[in-house]
Amino acid sequence: MADSETGPDELKADRRFDIVVVGAGQAGLAMGNLLARQGRRFVIVERAGVIGAAWRERWDSLTLFTPRRYSGLPELPFPGDPDGYPTRDEVIAYLEQYVETFDLPVELNSNVVRLTSGDGRFLLEVDGRTISTDHVVVATGPFQIPSAPQLAERLAPEIFQTHSTGYRKPSDVPHGTILVVGGGNTGFQLAKELAATHKVHLSVGSRQKPLPQRLLGRDLFWWLTKSRLLAITVESRLGRKLQHRDTLIGSSPRELRRRYGVELEPRVVDASEHTVRFADGSELEVDAVIWATGYRPDYSWIDVPAFHPDGRIRHKRGATVVPGLYFLGLTWQHTRGSALLGWVKHDAEFVAEQISQRAEAPARVSRPVRSS
């Protein structure tokens, strides 16, 4: 730990740190471990009242498609059968164990409402308090604000609607015709689960690349690791192509139809009262809609010039054009694995080294990082 003598009350009294990490999910905790190794004085602030809040918003039966051997953070292997697949609750317990094992200085219920910079330091406004720091690592992850199309508002009030973050189990969804919207891994997994008790349709708006969970007796991630496909960077020609392609792991449209009886529909383009219209002109009367339509980022609280006009972060592997400001856990931050539980540590190591170099050379003039 950065300062093993410091308790929660002292953390709140002393508001100056070397580094502030925003977010106590997998990215923030991996970062905390590495900073503790360096002996830095840091704090991890988390707006929720619990560790791993984003995982707690996922459905009850969620199971990772990465085996336990590939799901650990630095210095603490994921417990259990290395070839088995962790459940949502196991991930939450693991993250809690991680904080306890390394005695990480986490402040819960600490919502950062504004981040500014001046005189070579950053200021974070946290629930009426101010934290001053030399470095900030934004580790809030890719799952921030649930996103659903505006046409959802055109459905009748009695139609049951929820984003995938609000879905927990099939018994919470009324009987009748269920439409799951979203052709990613989440959409396919929810459609499979609901198909056991409901009549389910799945709307797929883009082409996916189905990949088997296991191939020739080995897990997919064994092959991806051995072939170094997970190490392909976003700057490479293949990486630039792959980052815009979604993959289905352990699912396929054919399996969904034949094994689960789920009807596949094209992209949703309109809705009215009880009816949803698709891109091919067909329509479907629904009793419930689950929007597995992803998330959008929320960086409205960051008041420093680290963004392109369209809102994209100006960074190279998480190091932004603003010296001392870093991001961690972004989708395709550097590789396909950047936002995955077992691979976020690689970007965390890079960011930790960048912080170390900057902290140990205070007299050197900081130069912005060239970003993409």
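The values are calculated or read from the model by the stated rules, or taken from the named source; none is laboratory data. Remember, predicted model here, so these are calculated numbers, not experimental data. Don't worry about glycine lacking a Cβ; one is built from the backbone with ideal geometry, like all the others, and counts go over all protein chains shown.
Structural remarks
- Some residue of the stretch 48-64 being assigned to a loop (DSSP other than H, G, I, E, B), touching a Pro at 6+ places or on another chain (Cβ under 8 Å), in contact (Cβ under 8 Å) with a residue 12 or more places away in the chain and of a type outside the set (Phe, Trp, Tyr): yes
- ARG88 vs. criteria basic (Lys, Arg), at pLDDT 95 or above and in contact with a helix residue (DSSP H, G or I) (Cβ under 9 Å, 6 or more places away or on another chain): yes
- Flag if SER366 is closer than 15 Å to VAL136 by Cβ, assigned to a loop (DSSP other than H, G, I, E, B) and at pLDDT below 95: yes
- Any chance SER272 is under 28 Å from the mean Cα position of the chain (by Cα) and either of a type outside the set (D, E, K, R) or farther than 16 Å from VAL181 by Cβ (or both): no
- Qualifying positions in the stretch 114-166 - closer than 15 Å to VAL20 by Cα, within 20 Å of the chain's Cα centre (by Cα) and in a strand (DSSP E or B): VAL136, VAL137, VAL138
- Any hit, the stretch 294-307, residues being touching a strand residue (DSSP E or B) at 6+ places or on another chain (Cβ under 7 Å), charged (D, E, K, R), in contact (Cβ under 8 Å) with a residue 40 or more places away in the chain and within 22 Å of ILE355 (Cα to Cα): yes
- Among the candidates ASP219, ASP310, residue that is closer than 25 Å to ARG207 by Cβ and in the same structural domain as VAL137 (by TED's automatic domain parsing): ASP310
- The stretch 235-263: number of residues that are within 27 Å of the chain's Cα centre (by Cα) and touching a residue at least 12 places away in the same chain (Cβ under 8 Å): 14
- Odd one out for LEU115, checked against (1) out of contact with any Ser or Thr (no Cβ under 9 Å at 6 or more places or on another chain); (2) surrounded by fewer than 20 Cβ atoms within 10 Å (Cβ to Cβ): (2)
- Some residue of the stretch 183-199 being surrounded by fewer than 19 Cβ atoms within 10 Å (Cβ to Cβ), without any contact (Cβ under 8 Å) to a residue 12 or more places away in the chain and either farther than 29 Å from ASP89 by Cα or touching a Phe, Trp or Tyr at 6+ places or on another chain (Cβ under 8 Å) (or both): no
- The residue of the stretch 234-254 that is surrounded by the most Cβ atoms within 10 Å (Cβ to Cβ), among those that are touching a Phe, Trp or Tyr at 6+ places or on another chain (Cβ under 9 Å) and modelled with pLDDT of 90 or more, is SER251.
- Flag if GLU57 is modelled with pLDDT under 95, surrounded by fewer than 18 Cβ atoms within 10 Å (Cβ to Cβ) and either acidic (Asp, Glu) or touching a strand residue (DSSP E or B) at 6+ places or on another chain (Cβ under 7 Å) (or both): yes
- Residue list for the stretch 200-221, filter: surrounded by 14 or more Cβ atoms within 10 Å (Cβ to Cβ), touching a residue at least 40 places away in the same chain (Cβ under 8 Å) and either more than 21 Å from LEU155 (Cα to Cα) or out of contact with any Leu (no Cβ under 9 Å at 6 or more places or on another chain) (or both): GLY205, GLN208, PRO210, ASP219, LEU220, PHE221
- Selection within the stretch 222-233 - buried (at least 17 other Cβ atoms within 10 Å of the Cβ) and in a loop (DSSP other than H, G, I, E, B): ILE232
- The stretch 42-72: number of residues that are among the hydrophobic types (A, V, I, L, M, F, W, C) and under 26 Å from LEU194 (Cβ atoms): 7
- Qualifying residue in the stretch 270-284 (condition: touching a Ser or Thr at 6+ places or on another chain (Cβ under 6 Å) and outside any loop (DSSP other than H, G, I, E, B)): yes
- The lone exception for GLY128 - which of (1) in contact with a Phe, Trp or Tyr (Cβ under 8 Å, 6 or more places away or on another chain); (2) free of Cβ contacts under 8 Å to residues at least 40 places away in the same chain; (3) more than 29 Å from TRP223 (Cβ to Cβ) it fails: (1)
- Only one of PHE160, PHE143, PHE122 that is in contact with a strand residue (DSSP E or B) (Cβ under 6 Å, 6 or more places away or on another chain), over 27 Å from ASP347 (Cα atoms) and not aliphatic (A, V, I, L, M): PHE160
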